[in-house]
1. Mind listing whichever residues of region 47-65 are more than 16 Å from ligand 2 (Cβ to nearest atom), outside any helix (DSSP H, G or I) and either free of Cβ contacts under 8 Å to residues at least 12 places away in the same chain or crowded, with 20+ Cβ neighbours inside 10 Å (or both)?
2. Testing residue 270 on (1) farther than 27 Å from residue 75 by Cβ; (2) surrounded by 19 or more Cβ atoms within 10 Å (Cβ to Cβ), one condition comes back false. Which one is that?
3. Look through region 23-46, keep the residues that are in contact (Cβ under 8 Å) with a residue 60 or more places away in the chain and touching a Lys or Arg at 6+ places or on another chain (Cβ under 9 Å), and return whichever of them is farthest from ligand 2 (Cβ to nearest atom).
4. Here are some residues: 223, 216. Which one is closer than 30 Å to residue 161 by Cα, among the small types (Gly, Ala, Ser), more than 16 Å from ligand 2 (Cβ to nearest atom) and touching a helix residue (DSSP H, G or I) at 6+ places or on another chain (Cβ under 7 Å)?
5. Kindly evaluate residue 189 against the criterion of being more than 15 Å from ligand 2 (Cβ to nearest atom) and either out of contact with any Phe, Trp or Tyr (no Cβ under 8 Å at 6 or more places or on another chain) or farther than 27 Å from residue 109 by Cβ (or both).
Amino acid sequence: MAELPPGRTGTPIAVPKGGFPRDLEGAILELKRERNALVLAHYYQNDEVQDLADVVGDSLALAQAAQTSGDCEVIAFCGVLFMAETAKILNPEKKVVVPDLQAGCSLADGCPTEEFKAFVADHPGAAVLTYMNSHAEIKAMSDLICTSSNAVKMVREFEGQPLIFAPDRHLARWVAREAGRSDIIAWPGACIVHEQFSARGLAQLKIEHPDAEVLAHPECEEAVLAQADFIASTTGIIRRAVDSPSKTLIVATEDGVFHQIRRSAPEKTLLQAPGIDESCACNQCPYMRLNSLEKLYLCLLDLEPEVTVPEPVRLAALRPIERMLALS
Ligand code: 13P
Ligand code: SF4
């Protein structure tokens, strides 16, 4: 697994008195009913967490599920903090809990509020389009939010206008090319998981598997994306893997997506795109993987840790999120 930054560790599991129930899955389902809770999970969660969720999806689908979460009283968000914050922003009256509050994101953490404020001030007149993978305070400074599945469409909302795109520089470059813009002002952030794929290793693997199709997430570096046959969000990658005429697929994203591909297309051979460090399964997101069945059980039992967003930030971030959802 890729490493968490120094000083960040997952929250230790507080084993309940008497231990965990023997049938942990059954106990989670029961708590889910008792709490009137909706469990949302991203594709990068462990298989067993995905299997217990009411909705498994990419970041756009999960935001949409939060927006239409109906009369549930609790949302248990198995993903990372920026996703759970978005669910809270959309549902101020509901309790939003997460298995581990330490499940952040290198992209979001690499774009601190004060620095970003100064960056925006340095480009007067530029609109701000922000990737979902950002803190609520950054969303609150934005004109529109996007995810990897709708970024190109969202960029087109700003035709003829100077545009800041934050915080992923690789996604910014890809989106600029797709939307035919060469003037996008990119915040220089990156994802530790997607940046670790090796362009050289991928080229070698393609030689060994000439019939394989290469599927990549747009957070990957340019030299990796240049070798991809198909570039899309996690949902897009899963759909393409299932529908592709190729039997063998090389996948350059977090390997949590393999679970849903295997369920729908067990006959496919799935190969992970190689990482720069061959001794490390660095294509696993260390933040996403802090969540576990035990922690999901505890957060439904204790209804904490709870995600909160200060009301002025929530109101300011709600506007660009709702604008994105209306356009999606
Ligand atoms: P998706 O929107 O494609 O699910 O991506 C989220 C993410 O964090 C990718 O690293
Ligand atoms: Fe953030 Fe990268 Fe993990 Fe996605 S895979 S949550 S961008 S660190």
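1. Answer for region 47-65, where residues must be more than 16 Å from ligand 2 (Cβ to nearest atom), outside any helix (DSSP H, G or I) and either free of Cβ contacts under 8 Å to residues at least 12 places away in the same chain or crowded, with 20+ Cβ neighbours inside 10 Å (or both): just 53.
2. The failed condition is (2).
3. It comes out as 35.
4. Only one candidate qualifies: 223.
5. no
For (1) away from ligand 1 (no atom under 14 Å from the Cβ); (2) assigned to a helix (DSSP H, G or I); (3) among the charged types (D, E, K, R), each residue gets a yes or a no:
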site	(1), (2), (3)
227	yes, no, no
236	no, yes, no
240	no, yes, yes
245	yes, no, no
260	no, yes, no
263	yes, yes, yes
267	yes, no, yes
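All of the numbers you see were taken from the coordinates with simple rules; none came from a lab. Every value quoted in this text rests on a predicted model; they were computed, and no experiment measured them. Note that each Cβ is placed from the backbone with ideal geometry, even for glycine, and that neighbours are counted across all protein chains shown.
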